[in-house]
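Here is the structure we will look at, set down as structure tokens.
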Amino acid sequence: MWMIKDLFEGLPQVGPREEQLGPGAWVLRAFSLADEASLLASLEGVVSQAPFRHMVTPGGYRMSVAMTNCGSLGWVSDRTGYRYDAIDPLSGLAWPRMPDAFFNLAKTAAAEAGFNDFDPDACLINRYEPGAKLSLHQDRDERDYGQPIVSVSLGVPAVFLFGGLKRSDRTERVPVRHGDVVVWGGPDRLRYHGVLPLKEDQHPVLGRCRINLTFRKAG
Ligand code: MD6
Ligand code: FE
């Protein structure tokens, strides 16, 4: 069947644009597209050392999103809880170092949103296949809520849910596409958020997947 989105396929995405989601929250449209090649090459290097895996929640459920990490700390979940750990439990080794292309993108995106001294030490890498989702949650395992979070979307488009400071607050649906970067911090740092189940789609490089890089200062 013919769909409107087919009309846009193959056309160049327009240059960077910014949308404000809150006093300290921004979507930087297409912000990472200029670095696409180095980001994807760096991603391949990280994943070859620390492959994607489905972690288990403290409640015993297998997460539909597959995860890995790079940087001096990595986010992990198992039956004992959520935490940041310097060691990849799968290999028993340190997580791969954060590639310069990742670090530099996270710094420049944070600065663009007004956070000038972002010092990321952790990059959580999420892989969504069709149907994978992330339930509404807050990011509260980090030590310093004064530091923002930078989130880079690659591959198949998704719908990011952006809620309020209470779980029951209404959520805004934010479409995120290949190259978009979301930054939030300050008064928006603890807002609930999640990702709707990924739709079946194809990206020329990443296939049926969406990859999300989430940068934090964890330690
Ligand atoms: C995702 N992201 O977009 C999931 N958390 O795949 C997150 O949970 C997230 O994107 C904090 C800040 C930005 C995020
Ligand atoms: Fe999150």
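The values are calculated or read from the model by the stated rules, or taken from the named source; none is laboratory data. Note that the structure is a prediction, hence the values are computed from the model and not measured. Quick reminder, even Gly has a Cβ in these numbers, built from the backbone with ideal geometry, and neighbours come from all protein chains shown. Remember, those area values only see protein heavy atoms, side chains included, never the ligands or the DNA or RNA. Shrake-Rupley method; radii C 1.70, N 1.55, O 1.52, S 1.80 Å.
Brief remarks on what is shown
- For segment 116-132, the Karplus equation 6.51 cos²θ - 1.76 cosθ + 1.60, evaluated at θ = phi - 60°, returns couplings of 7, 10, 5, 10, x, 10, 9, 10, 8, 10, 9, 10, 9, 9, x, x, 5 Hz by residue, with Gly and Pro reported as x.
- Area of His137 that stays accessible when all protein chains are in place (1.4 Å probe, Å², to 10): 50 Å²
- HN-Hα J in Hz across segment 29-46 - Karplus 6.51, -1.76, 1.60, θ = phi - 60°, x for Gly and Pro: 5, 6, 4, 9, 5, 4, 9, 3, 5, 6, 5, 5, 5, 5, 4, 4, x, 4
- Averaging the sequence gap over all C-alpha pairs within less than 8 Å and six or more residues apart, then dividing by the number of residues, gives the chain a relative contact order of 24 percent.
- Among Gly155, Gly185, Gly92: highest mean-square fluctuation, GNM of the chain, C-alpha pairs under 10 Å: Gly92
- Of all aspartates and glutamates in the structure, the ones whose alpha carbon falls short of 14 Å from that of Lys166, not counting any fewer than 8 places away in one chain, are Asp139, Asp188.
- Applying a DSSP loop filter and a limit of 12 other Cβ atoms within 10 Å to the trypsin sites (Lys or Arg not before Pro) in segment 54-151 leaves Arg79, Arg140, Arg143.
- Val47 versus Leu190: modelled label distance in nm, points set 7 Å from Cα along the beta carbon direction: 3.5 nm
- Cα shape, segment 91-219, gyration tensor, a/c 1.5 rule: oblate
- Across segment 165-182, computed HN-Hα scalar couplings (Karplus, 6.51 cos²θ - 1.76 cosθ + 1.60, θ = phi - 60°) run 7, 10, 4, 7, 5, 5, 10, 9, 9, 10, x, 10, 10, 3, x, 6, 10, 10 Hz from first to last residue, x flagging Gly and Pro.
- Solvent-accessible surface ranking, highest first, for Asp141, Asp117 at 1.4 angstrom: Asp117, Asp141
- Kirkwood-based Rg to Rh ratio, the chain, C-alpha trace: 0.94
- Cα point-scatterer Debye curve for segment 85-145, base-10 log of I(q)/I(0) at q = 0.17, 0.19, 0.25, 0.30 Å⁻¹: -0.88, -1.05, -1.20, -1.18
- Amide H contacts under 5 Å for Ala66: Arg127, Glu129, restricted to partners 5 or more places along the chain or on a different chain, H placed in the peptide plane at 1.01 Å from N.
- Ranked order, Tyr145, Tyr82, Tyr128, Tyr192 - accessible area, probe 1.4 Å, largest first: Tyr82, Tyr145, Tyr192, Tyr128
- Residues whose amide H comes within less than 5 Å of that of Gly155, counting only those at least five positions distant or on another chain, are His178, Gly179, Ile211 (H built at 1.01 Å from N in the peptide plane).
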